[in-house]
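Reviewing the structure listed below.
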Amino acid sequence: QVQLKESGGGSVHDGGSLRLSCVAPGGDFSAYAAAWLRQAPGKEREIVAAINKSGWTTYLIDPVKGRFKISRDHGKNTVYLQMDSLKPEDTGVYFCAAAPLSGLPIRREEYTYWGQGTQVTVSS
């Protein structure tokens with residue numbers, strides 16, 4: 001198993017930026033594909049971004065392309081989500097997830113391990 005801890009959430013105005021971090025302090029994060037998912041109030045949890053084991057291949061959903069970037073640092077056992085030009089519709093709880101799979105999983109059902117979530121609020 002791998003333990004995951006998210007941080008970096010907060011409240012910003014429309015157009016602001018945040019960087020989320022997901023750390024696996026007690027495991028080898030490089031053995032897992034990783035993803036960021038978000039859940040808005042009253043809505044279903046959805047994948048926002050994913051990254052493969054090496055970090056060379058990434059996936060972003062259309063609404064965040066050009067604004068968000070997912071990356072990882074194996075030396076720090078950390079996956080990041082850089083979020084720029086934030087909009088109110090980006091508001092929600094953001095979760096980090098990991099999957100012991102090769103390739104690039106982009107379905108939430110493929111992810112086995114989850115962090116506790118971090119709140120992101122974007123005001124108009």
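Roughly how many debye, to the nearest 20, is the charge dipole of the chain about its Cα centre, given +1 on each Lys and Arg Cβ, -1 on each Asp and Glu Cβ, and no other charges?
Details: 14 positive and 12 negative charges, 31 e Å.
Roughly 140 debye for the chain.
Ligands, DNA and RNA left out, the 1.4 Å accessible surface of the chain is 48% carbon and sulfur atoms.
Compute the accessible area per residue over the stretch 54-124, keeping the other protein chains in place, probe 1.4 Å, unit Å². Working shown, then result.
Details: 3760 Å² over 71 residues.
Each residue of the stretch 54-124 exposes 53 Å² on average to a 1.4 Å probe.
Obtain the radius of gyration and the Kirkwood radius of the stretch 44-116 from its C-alpha atoms and give Rg over Rh.
Details: Rg = 12.2 Å, Rh = 13.1 Å.
So for the stretch 44-116, dividing Rg by the Kirkwood Rh gives 0.93.
For Lys69, go through the aspartates and glutamates and keep the ones whose alpha-carbon is under 19 Å away, minus same-chain ones fewer than eight residues off. Partners within reach: Glu6, Asp14, Glu46, Asp84, Glu89, Asp90. Computed over the chain, relative contact order equals 36 percent, with contacts defined as Cα pairs under 8 Å that lie 6+ residues apart. For Lys65, a cut-off of 20 angstrom between C-alpha atoms picks up these lysines, skipping any fewer than 8 places away in its own chain: Lys87.
Taking every DSSP beta bridge that has both residues in the chain, what percent is antiparallel when rounded to the nearest 5?
Numbers: 35 of 39 bridges.
Once the DSSP bridges in the chain are tallied, antiparallel ones form about 90 percent.
Bridging of Lys53 to aspartates and glutamates at a Cα separation below 18 Å is possible for Asp28, Asp73, Glu109, Glu110, once same-chain residues fewer than 8 apart are set aside.
Is the stretch 54-95 rounded, prolate or oblate when judged by the Cα gyration tensor, a ≥ b ≥ c being the square roots of its eigenvalues, rounded requiring a/c under 1.5 and prolate requiring a/b larger than b/c? All intermediate terms of the calculation are to be shown ahead of the outcome.
Working: a/c = 2.57, a/b = 1.72, b/c = 1.50.
Here the stretch 54-95 falls in the prolate category.
By the Kirkwood approach, averaging reciprocal distances over each pair of separate Cα atoms, the stretch 1-122 gets a hydrodynamic radius of 14.1 Å.
The values are calculated or read from the model by the stated rules, or taken from the named source; none is laboratory data. None of the values given here were measured: they were computed from a predicted structure. Heads up, the Cβs are rebuilt from the backbone with ideal geometry, glycines too, and the neighbour counts pull from every protein chain shown. Ligands, DNA and RNA are excluded from the accessible area calculation, which covers all protein heavy atoms including side chains. Shrake-Rupley method; radii C 1.70, N 1.55, O 1.52, S 1.80 Å.
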